[in-house]
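Down below is the structure, laid out as structure tokens.
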Amino acid sequence: MKCLPLVLLVFVSFLAVVGCGNIFFRGDLGGNGVMQTASGFVSVVQVTNMPDGNGTFIDVTLITFLLNGNATTMTFCGDQRNQFPIHQFVRANFTPGQPCADIVTVVIGFH
């Protein structure tokens, strides 16, 4: 509970500087997941479902990023289509997981 004020301060500070230019947010959220980053120009966005390992299916979004001639495809939990506009540069911070990663923040248009 003592981390809540710090988390709120970081979130409010992040919102305050969003319009100020290049922004990169990175850190450790504690707990089980260490935040990672994927970035590039969005070339493919596809929503599908896949088994979660417990006998049920969950919705996931497959995002293909292009950067410096390399393609990387990430699988994010849920329907995330609205956060990944095609042909835009996007930086996504996430915590990895199986069968999909959980999005923490998405920044569009900063390269």
| query | Fewest first, what order do V107, V44 take by the number of other Cβ atoms within 10 Å? | reply | V44, V107
| note | Least to most buried among M50, M35, M74, by other C-beta atoms within 10 Å and fewest first, runs M50, M35, M74
| said: Using 0.36 nm times the number of residues separating L66 and S43, minus their current alpha carbon distance, what extension gain do you get? | reply: 7.6 nm
| query | Considering amide H positions built from the backbone, and no H for Pro or chain starts, which residues 5 or more places from Q80, or on another chain, come under 5 Å of its amide H? | reply | T61
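Rule-based calculations on the coordinates, nothing more; no lab input. Since the model is a prediction, treat every value here as computed from it, not as a measurement. All Cβ positions, glycine included, derive from the backbone under ideal geometry; neighbour counts span all protein chains shown.
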